[in-house]
1. Net charge around A:Arg44, counting only other residues with Cβ within less than 10 Å of its Cβ (Lys, Arg = +1; Asp, Glu = -1)?
2. What number, in percent, do you get for the relative contact order of chain A if the mean sequence gap of Cα pairs under 8 Å and at least 6 apart is divided by its residue count?
3. Mind checking which aspartates and glutamates have their Cα closer than 15 Å to the Cα of B:Lys57? Skip sequence neighbours fewer than 8 apart in that chain.
4. For chain A, what is the accessible area per residue in Å², given a 1.4 Å probe and the full set of protein chains?
5. Just to verify a number: FRET efficiency for A:Gln110 and B:Thr26, C-beta to C-beta distance, R0 = 35 Å, to 0.05?
6. For segment A:75-111 and segment A:23-37, what is the separation of their Cα centres, given in Å?
7. Could you tell me what percent of the accessible area of the protein assembly as shown is made up of carbon and sulfur, with a 1.4 Å probe and every protein chain present?
8. So, counting K/R as plus one and D/E as minus one, what does the shell of residues with Cβ under 13 Å around A:Tyr64 add up to?
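The values are calculated or read from the model by the stated rules, or taken from the named source; none is laboratory data. This one's a predicted model, so the numbers in the text were calculated from it and none came from an experiment. Because the Cβ atoms are built from the backbone with ideal geometry, glycine has one as well, and the counts that use them run over all protein chains shown. Remember, those area values only see protein heavy atoms, side chains included, never the ligands or the DNA or RNA. Shrake-Rupley method; radii C 1.70, N 1.55, O 1.52, S 1.80 Å.
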Amino acid sequence: DGGITQSPKYLFRKEGQNVTLSCEQNLNHDAMYWYRQDPGQGLRLIYYSQIVNDFQKGDIAEGYSVSREKKESFPLTVTSAQKNPTAFYLCASSTQTGIGEKLFFGSGTQLSVL
Amino acid sequence: GQNIDQPTEMTATEGAIVQINCTYQTSGFNGLFWYQQHAGEAPTFLSYNVLDGLEEKGRFSSFLSRSKGYSYLLLKELQMKDSASYLCAGDKLSFGAGTTVTVRA
């Protein structure tokens, strides 16, 4: 089955630690996205990538980094510079980034700080 | 972003109809999406409206008025499995906070 897979489902971060969230898709989609979801707030875009080896900052990129070395993979690193990392992180993909392209989402990673 | 607003919570009875409203800034409008998200799960696509009017897909319908910056999602013949959060979204940057719908027996 084609889909988008995020791992792990739950992740804990210690103070000063960097952690990496995995996102893999086998839908052959060009575009991939990372969102952060906090209670009572809408999804906020962290980074997105339209093509391999290229990515753009979203609204809240500070404290995060990404890479896009393969079409299928778009990992997100939450660095120690992100002071409030506790949130539900969603990865998504679409065929392109154009108007009207619906998003396909992974099942999310809940990140908590120890 | 497009400053999308939608109610926080709604409760309805099984078999009933619920209408979830969504308002947005009309500048830079490129169409409106609705997604369904069950707790702790991935949002899934429900509908996309770019022209005015009502689009029906089974028990779910979505309406758009571009001049008013207004959309709604209509859920008919509610079932317990419809208990979820419903997200209104503009482009990739603009998501509403979601409306949590609780269906009671």
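1. Values: positive: A:Arg36; negative: A:Asp38, A:Asp59.
Charge balance in the 10 Å sphere: -1.
2. Working: 293 pairs, mean separation 39.7, N = 114.
Relative CO of chain A lands at 35 percent.
3. B:Glu77, B:Asp82
4. Accessible area per residue, chain A: 49 Å².
5. Working: r = 35 Å, r/R0 = 1.01.
That gives a FRET efficiency of 0.50.
6. 7 Å
7. Details: 5020 of 10490 Å².
Carbon-and-sulfur percentage of accessible area, whole number: 48.
8. Numbers: positive: A:Arg13, A:Arg36, A:Arg44, A:Lys57, A:Lys83; negative: A:Asp59, A:Glu62.
So the environment of A:Tyr64 carries a net charge of +3.
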